[in-house]
1. What's the angle, to the nearest 10 degrees (0 to 90), between helix A:49-59's Cα axis and the longest principal axis of chain A?
2. If r is the Cβ-Cβ distance from B:Ala58 to B:Thr159 and R0 is 30 Å, what FRET efficiency results, to the nearest 0.05?
3. Rounded to whole Å, give me the distance from the Cα center of region B:111-135 to that of region A:85-131.
4. For labels at A:Asn207 and B:Leu356 in the simple 7 Å Cα→Cβ model, what's the distance in nm?
5. Report the relative contact order of chain A, percent, no decimals, based on alpha-carbon pairs under 8 angstrom and at least 6 residues apart.
6. Of all the accessible heavy-atom surface of region B:27-120, with the other protein chains kept in place and a 1.4 Å probe, what percent is carbon and sulfur?
7. So what J values fall out for region A:286-291 if you push phi through Karplus, 6.51 cos²θ - 1.76 cosθ + 1.60 with θ = phi - 60°, rounded to Hz, Gly and Pro as x?
8. Suppose every Lys and Arg Cβ carries +1 and every Asp and Glu Cβ carries -1, with no other charges. What dipole size does region B:1-78 come out with about its Cα centre, to the nearest 20 debye?
There are 2 protein chains.
Amino acid sequence: VEPFELRIQSPGRILFGAGVSGRLATVVGELGGRKALLLTDQGLSRTGLPQGLCVGVAAAGIPCELYDQLAGEPDEATVDRASERFRAGRFDFVIGVGGGSALDTAKAVAALGTGGSVLAETYGKNTITREVGLVLVPTTAGTGSEATPNALFIDAHRTKQAVISPHLLPDVAVLDPSLTLNLPPRITAATGMDALAHCVESWLSVNGNALSEAYAYEGVRLVAGSLETAVANGANLEARGNMLLGSLLGGLALTIAGTTAVHALSYPLGKRGVPHGVANGLLLPRVLEFNRPASEERLAALAPAFGLPVADRAALGEAVVRRIQELLVRLPVSKTLGEVGVEAREIPAMAAESLLNERLLRNNPRSLSQEEAEGIYRRCL
Amino acid sequence: VEPFELRIQSPGRILFGAGVSGRLATVVGELGGRKALLLTDQGLSRTGLPQGLCVGVAAAGIPCELYDQLAGEPDEATVDRASERFRAGRFDFVIGVGGGSALDTAKAVAALGTGGSVLAETYGKNTITREVGLVLVPTTAGTGSEATPNALFIDAHRTKQAVISPHLLPDVAVLDPSLTLNLPPRITAATGMDALAHCVESWLSVNGNALSEAYAYEGVRLVAGSLETAVANGANLEARGNMLLGSLLGGLALTIAGTTAVHALSYPLGKRGVPHGVANGLLLPRVLEFNRPASEERLAALAPAFGLPVADRAALGEAVVRRIQELLVRLPVSKTLGEVGVEAREIPAMAAESLLNERLLRNNPRSLSQEEAEGIYRRCL
């Protein structure tokens, strides 16, 4: 084994618990925030949830303005517009509230800060710092974006671009399961499958270590144990809490180990309008099936995390894949490319696009050719 | 569930791998060290290992002096003498090399730094800061001291005292399994049982959370999977590496969750000269047996980490305790109080002393009376 560095990168603080979002004003104040811009997406804005949080901050004497002009996966124009608003309004603090897209946008706006840069200048690793305070409040469980140094955007060529820097980790992550109680079953299911993908992919990544394994295993245990309950009974606070913690652990795990071919094959679907969680959920069992010959033992070791009996060791890898397939079948998410409106003739182009994600494919336990990528997509038809 | 904070406290950096101690000079230089005092104990000093590390640092142009006047659990006089040497020699950097006692002493000497304080003034929580650079190199696996904000000392009344502060976490932890290849089987076994106790106790602690569970579970997996191999074949580098990682994870886990009655009952044995790991190993299965009625389900959930088949769920908690008993029987460690020279008439006094450790007993899943503490000791006779 080559020597390696066990890096523990994480938010400065992580607050967890029902009602903990009520401490948002205190948190902003402690970090020296004097005028906060709260970024969220239009969908969430219609529920009134972000307004409530903003009012709470303002009531504590810290002016807070809502900016809800975000929708779908963030592109450059969206981020640059939000960043302009931040500068024009002389804000000094960013609060991100929402799913991965809103949180990623908030991370970028905080990093762009009061300087003159635009998003397109920041792609890559360690290109940015951050002077502006940043608190993230996830309302899905989910991307785990609140616990990663990554933010992903669609560039002018409709290609996924990553900004990666420890400065993108928030000063505080606020995980309040009560904010997720009204998340509809379909979104709970799709974002939950995304969290599961983060954990399982990190577990299988060839760039994992003892720390990412610790996060990934516990993340699988929490998500596999609570996802179906959270979907069936959205008001179950314990299941919602476990999902938020599982999503957080997925973020911590992938920060170390990285995701794999599931995410690489998922990006071309995102480009064609398929929600991120739906795409990952749909691909997860198929990619695992493809990876099995190269990761049978690692996959088998995940069986207890899925609550599978460990008695028959021979068939365990298969049992894990079957369990994930069952989840996909039982959850209210799309199960085929047809259901998400992607046609068979798109497959060669998508396969070629997926192979461009070398950063992710380097983590995958089995190397992937154009033909094999096409084969996986075809099994999703 | 009450809201809580998920704190990720850890060393600034953690380097892992065979040969990684060869980077010690680089690490000290990067941290701005100009004159380093390397603290270690007499036993390790006789092997020549710390001298080799010191020479390596000096060869890179950073003067390094060896201070090896440490032996057994550190008391106030020992720490204050080392601290005096640090000041008198105008050092600006501390390197700790050894087991938990040496690392705890190094942590205290670095925190006392160039100021005028003595150890006795620093007991308690958040009483100290640290200006002096600190690198810790564990040579046992072990206490996990390199990953905790705690340091433990024997005060003038022969009572265990704790200094707890995030400033006691080192700037860098250097985990080099090749440094542990020559550790004798008895010390490998005893320190390994200590690491196992940290992981299992953290898992059962009523103050655990998803993060400490992640660390604890993976720590059990690594230690349970490699301890017997490391004892039987000390030169097995992979097993030694797994043990160091398991010990580190135990430290990270107990930093969050705390240890329990095993450690509370162990301190009185330490006072009577029983090595820390030996005492914990001997107590671990007996305390688990006592705790079982209050932690059956949690204990059962650890079964896969011990490699136990999960088919028969009913008997799993018992199976975990039995597996730990087997380990104790098979490893070259003391199995009874008689073997470590503690007599039955000491038991009432030891039970009373153990109950003073409220900080630890608050974490225990079952509350403990004088009679029950005596009962556990008696089962160790």
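The values are calculated or read from the model by the stated rules, or taken from the named source; none is laboratory data. All figures in this text were calculated on a predicted structure; none of them were measured in a lab. For neighbour counting, all protein chains shown are included, and Cβ atoms are generated from backbone atoms with ideal geometry for every residue, glycine included. Note: accessible area is taken over every heavy atom of the protein model, side chains too, but ligands, DNA and RNA are not part of it. Shrake-Rupley method; radii C 1.70, N 1.55, O 1.52, S 1.80 Å.
1. Compared with the principal axis, the helix lies near 30 degrees.
2. The calculated FRET efficiency here is 0.15.
3. The two parts, judged by their Cα centres, are 39 Å apart.
4. That separation, rounded to one decimal, is 5.2 nm.
5. Details: 789 pairs, mean separation 57.0, N = 381.
Relative contact order of chain A: 15 percent.
6. Details: 1820 of 3690 Å².
Roughly 49 percent of what the probe reaches on region B:27-120 is carbon or sulfur.
7. Here the 3J(HN,Hα) series is 5, 5, 4, 4, 5, 6 Hz.
8. Values: 6 positive and 9 negative charges, 108 e Å.
Here the size comes out at about 520 debye.
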